[in-house]
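Data first, discussion second: the structure below is written as structure tokens.
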Amino acid sequence: MSNIEILWLAHLNRNADDAGSDSTINLTVNVDGEDVLDKNFGSNVGDGEAYLNGGSQLDTPFDAAGLTNSSVRVGVRGHDAWAPGDVLVFGHSLAEFQSGVAVPLAMESGLTAWLSTDYTEGPLTIPLRRVGPGDSNTLIQRLLLLVHTQWSTSDSGTDSAIQLEVFLGENLILREEIADSSQSDLEKASSNWYEMDAPIPFTRAELQARGRIVLSILGDDAWKPMVLFVFGLDAASGRPNEVVSLVSRPVWGPRWMSSDASEGDASVDLPITPG
Amino acid sequence: MAAIDDVWLAALSKNEDDAGSRNRFNLTINIDGADVYGHDFILGWNLPGQGSAGLRDGQAGLEEGAAPTAPFDAAALTNSSVRLGLRGDDAWAPKHALVIGRAQPDFIPGRFLALAMETDIVGWLSADSGEGRLTMPLRRVGAGGADMVVRRVLMLVYTDRGDEIDTESDIRLQVVTSGQIVLDRKVTHDLNQVRAYWEFLSVDTPFTRADVASKGSIRLGILGTDAWLPKTLFLFGLDTEEGRPNQVVTLSAIPKWELGMLSTDPSEGAASVVLPISN
């Protein structure tokens, strides 16, 4: 199993009034009675919006194999109640960070609780159950695209739609256009959480053997992602048991995306997670 | 297997400036990813005119929480199962904390057992990230058996609200096995209304609960005429002389005291009573 040296927190708030919160989010990871991580995230995103943060090196790396379903909890440090809908915690070792592997650790979806320090509003913390990292033969029924758009002095966000496509050989088995979700899509310095069904389930091994994942932009409003991950989920709906790393780009690199060739790439083949 | 249908929290604040807190104390118990218990404890009360509820510096709390929505299996708890948190930014510095559960009656009457415990806790709890952690783990302690060697005793006692039920008299706990006094300790502070006390008592000679049950006794007495009526008393035997125990055996558990007033004045109560031994 992986030695987790870098950790990420992603969540999607429920699209309900006051679901967002400016309270600091607290994440704890406990292994056999010892808190190996106690970290605060200044999420501060609104109703129906997504958050993705992390990427810095942990003071105390930990072995993902030591986690149980009781190990990971997320809480809130204020009384501005928070209503997350989906939460994913993942990480990697330094070597995996470099090589395009992300290791899912814990996930919940379809949450219903409101978290707050105010005991009349909801629980202080909730558990995030362990998810397995799957393997190259895990059948993928759904994709999760997590992306954070670059903050920069120029306009790195875009109003153009983007598109994710999955090919097996010459066969297009998934195409999802992302244009106008309930989130603030692909805005500068913001994060997005997009789930998409895979009408034809597939495996990472198939992708590695004869497939591609292609990310495209469908307009000329240039876009500069900063961080991008694609995960495969083993459940067609609800909470998955296995979450498979498909693409891990914790550092996107210098290239912009645009259908205007003078501004960037119209499409890129995303590197598939090895192994 | 012990199906827990009742949960108590005991805690002692450090005796230093601002160690107490008026915030509620949040306890969660998780088994395999499901929160089987969650409750916000008050722990510290005051009489009218004494200020708001909460634990003061150096003060102990002992409180029965709401019942779990369904009994849970104590054997399924792990070291990651139990967490204690604070519901606000009035930072709290706990010194010791103990979670107690009552097992549903099966072939024997319902019995109390220690579920999780930390001692000599370092750090503070607060919702304010600049002040401390939001929550902390309380590691599992094993429920010691009748043959566990007791090297220290923890006495938790609570006195309720009422006329003439608190005392300024000293009290005394004595444990005898086979005619030998193995523990004889005097507790010298006042036992006030709506106050809990957490006392570690050293033993003169290590003993087992089986020794006490078969040919011994535990006796609680009072050393003065200021009558006292406790409401709740727990006695636990710890397997370590100091620091955090690994095993905790219940010696006596009296959630609701029915042994009458204690006083050296026979017109007010008994000078001492024999405590029931847990099974």
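Bear in mind these aren't lab numbers, they're just calculated from the coordinates by the rules spelled out. Note that the structure is a prediction, hence the values are computed from the model and not measured. As a convention, Cβ positions derive from the backbone with ideal geometry for all residues, glycine included, and neighbour counts pool all protein chains shown.
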Report the per residue volume, in Å³, of the convex hull enclosing the C-alpha atoms of chain B.
126
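Using +1 on the beta carbon of Lys and Arg, -1 on that of Asp and Glu, and nothing else charged, what's the dipole of the range B:94-241 about the Cα centre, debye to 20?
Approximately 520 debye in magnitude.
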So for the range B:190-258, averaging the separation of alpha carbon pairs under 8 Å that are six or more residues apart and normalising by length, what relative contact order in percent results?
26
When the helices in chain A are scored as -39500 (n - 2.57) per DSSP H run of 4 or longer and the sum is shared across all residues, what 222 nm value do you end up with, to the nearest 500 deg cm²/dmol?
-1000 deg cm²/dmol
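Please express the shape of chain A as an equivalent ellipsoid: the semi-axes are the square roots of 5 times the eigenvalues of the C-alpha gyration tensor, given largest first in whole angstrom. It would help to have the intermediate numbers written out before the result.
Details: eigenvalues 166, 101, 60 Å².
Equivalent ellipsoid of chain A: 29, 22, 17 Å, largest first.
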Within the set B:Lys14/B:Lys215; B:Lys95/B:Lys215; B:Lys186/B:Lys215, which residue pairs have Cα atoms separated by over 32 Å?
B:Lys14/B:Lys215; B:Lys95/B:Lys215
For B:Asn79, list long-range residues whose amide hydrogen, built 1.01 Å from N in the peptide plane, is under 5 Å from its own amide hydrogen.
B:Arg140
Enumerate the whole-percent occupancy of each 5 Å bin, from 0 to the last occupied one, for all C-alpha pair distances of the range B:114-190.
3, 9, 13, 14, 13, 16, 16, 10, 4, 1, 1, 0
Cα Rg, Dmax (largest Cα-Cα span) when computed across the range B:166-279, Å:
14.0, 44
Rounded to whole Hz and in sequence order, give me ³J(HN,Hα) for the range B:170-181 from the Karplus expression 6.51 cos²θ - 1.76 cosθ + 1.60, θ = phi - 60°, writing x for Gly and Pro.
6, 10, 9, 10, 9, 10, 10, 10, 6, x, 9, 7
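Averaged over peptide B:19-30, how many Cβ atoms belonging to another chain are found within 10 Å of each residue's Cβ? Let's see the in-between values first.
On the way: counts 0, 0, 0, 0, 2, 4, 0, 6, 1, 8, 1, 10.
Average neighbour count from other chains, rounded to a whole number: 3.
If you take the beta carbon distance between A:Asp17 and B:Ser202 as r and set R0 to 51 Å, what does 1/(1 + (r/R0)^6) give as a FRET efficiency, to the nearest 0.05? All intermediate terms of the calculation are to be shown ahead of the outcome.
Numbers: r = 58 Å, r/R0 = 1.14.
Rounded to the nearest 0.05, the efficiency is 0.30.
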Spelling it out for A:Val45: with amide H atoms placed in the peptide plane at 1.01 Å from N, the residues 5 or more places away or on another chain with amide H under 5 Å from its amide H are A:Ser21
Sort B:38-51, B:85-98 by the packing proxy (mean of other Cβ within 10 Å over each peptide's residues), most packed first.
B:85-98, B:38-51
Determine the calculated [θ] at 222 nm for chain B from helices alone, applying -39500 (n - 2.57) to every DSSP H run no shorter than 4 residues and normalising by the residue count; nearest 500 deg cm²/dmol.
-500 deg cm²/dmol
In the neighbourhood of A:Phe202 defined by beta carbon distances under 15 Å, the net charge of the other residues (Lys, Arg +1; Asp, Glu -1) is -3
Computed over the Cα atoms, what is the radius of gyration of the range B:2-63 divided by 2.2 N^0.38 Å, N being its residue count?
1.32
Highest mean first, what order results for A:223-232, A:172-181, B:26-35 on Cβ atoms within 10 Å?
A:223-232, B:26-35, A:172-181
Go through the range B:203-214 residue by residue and turn each phi into a ³J(HN,Hα) via Karplus (6.51, -1.76, 1.60, θ = phi - 60°); whole Hz please, and just put x for glycine and proline.
9, 7, 9, x, 8, 10, 5, 4, 4, 5, 5, 7
How many Å³ per residue does the convex hull of the Cα positions in the range A:12-157 occupy?
146
Only Cα pairs within less than 10 Å get springs; with that Gaussian network setup on chain A, which residue of A:Gly91, A:Gly157, A:Gly33 has the largest fluctuation?
A:Gly33
For the protein assembly as shown, the Rg and Dmax computed from alpha carbons only, in angstrom:
28.6, 101
Spatial extent of the range B:3-141: Rg and Dmax, with the Cα atoms as the point set, Å:
15.0, 50
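Given Cβ point charges of +1 (Lys, Arg) and -1 (Asp, Glu) and nothing else, what value in debye, to the nearest 20, does the dipole of the protein assembly as shown about its Cα centre take? Please list the in-between numbers first.
Details: 41 positive and 77 negative charges, 348 e Å.
Here the size comes out at about 1680 debye.
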What is the pair-distance distribution P(r) of the range B:222-279, computed from all Cα-Cα distances in 5 Å bins starting at 0, with each bin given as a whole percent?
4, 18, 19, 18, 15, 12, 9, 3, 1
Whole-number percent relative contact order across chain A, with pairs defined as alpha carbons under 8 Å at least 6 apart
19
Where a Cα-Cα gap under 29 Å defines reach, which lysines qualify for A:Lys188, not counting those fewer than 8 residues away within the same chain?
A:Lys39, A:Lys224
Could you tell me which of B:Ala127, A:Pro225, B:Gln180 has its Cα farthest along the dipole of the protein assembly as shown towards the positive end, charges placed at Cβ (Lys, Arg +1; Asp, Glu -1), taken about the Cα centre?
B:Gln180
Under unit Cβ charges (Lys, Arg +1; Asp, Glu -1), what dipole magnitude, rounded to 20 debye, does chain A have relative to its Cα centre?
700
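What is the gain in length, in nm to one decimal, between B:Thr188 and B:Asp17 on full extension, counting 0.36 nm per residue of separation less the C-alpha to C-alpha distance? Show your work: numbers first, answer last.
Working: separation 171, 0.36 × 171 = 61.56 nm, distance 2.32 nm.
Fully extending the segment from B:Thr188 to B:Asp17 adds 59.2 nm.
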The relative contact order of chain B, taking Cα pairs under 8 Å that sit 6 or more residues apart, comes to a percentage of 17
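How well do other chains shield peptide A:118-129, expressed as the mean number of their Cβ atoms within 10 Å of each residue Cβ? Walk me through the numbers before you get to the answer.
Working: counts 4, 8, 1, 0, 0, 6, 14, 9, 4, 10, 1, 4.
Mean shielding by partner chains, rounded to a whole number: 5.
From the convex hull of the Cα coordinates of the range A:140-270, what is the mean projected area in square nanometres?
Average of the hull's projected areas for the range A:140-270 equals 7.8 nm².
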Top positive-direction residue, dipole computed over chain B with Cβ charges, set B:Gln59, B:Leu12, B:Pro71
B:Pro71
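Starting with the highest mean, order A:5-14, A:44-53 by the number of other Cβ atoms within 10 Å, averaged over the residues of each peptide. Write out the running numbers ahead of the final one.
Details: A:5-14: 23.1, A:44-53: 19.7.
Ranked by mean Cβ neighbours within 10 Å, highest first: A:5-14, A:44-53.
When Lys and Arg each count +1 and Asp and Glu each count -1, what net charge do the other residues less than 13 Å away from B:Ile171, Cβ to Cβ, add up to? It would help to have the intermediate numbers written out before the result.
On the way: positive: B:Arg172, B:Arg185, B:Lys186, B:Arg219; negative: B:Asp166, B:Glu168, B:Asp170, B:Asp184, B:Asp190, B:Glu199, B:Asp226.
Taking every other residue near B:Ile171 into account, the sum is -3.
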Residue-by-residue Karplus 3J(HN,Hα) for the range B:70-80, coefficients 6.51, -1.76, 1.60, Hz, glycine and proline x:
8, x, 10, 8, 4, 5, 8, 6, 10, 5, 9
Kindly give the semi-axes, whole Å and largest first, of the ellipsoid equivalent to the range A:211-275, taking each as the square root of 5 times a Cα gyration tensor eigenvalue.
27, 13, 10
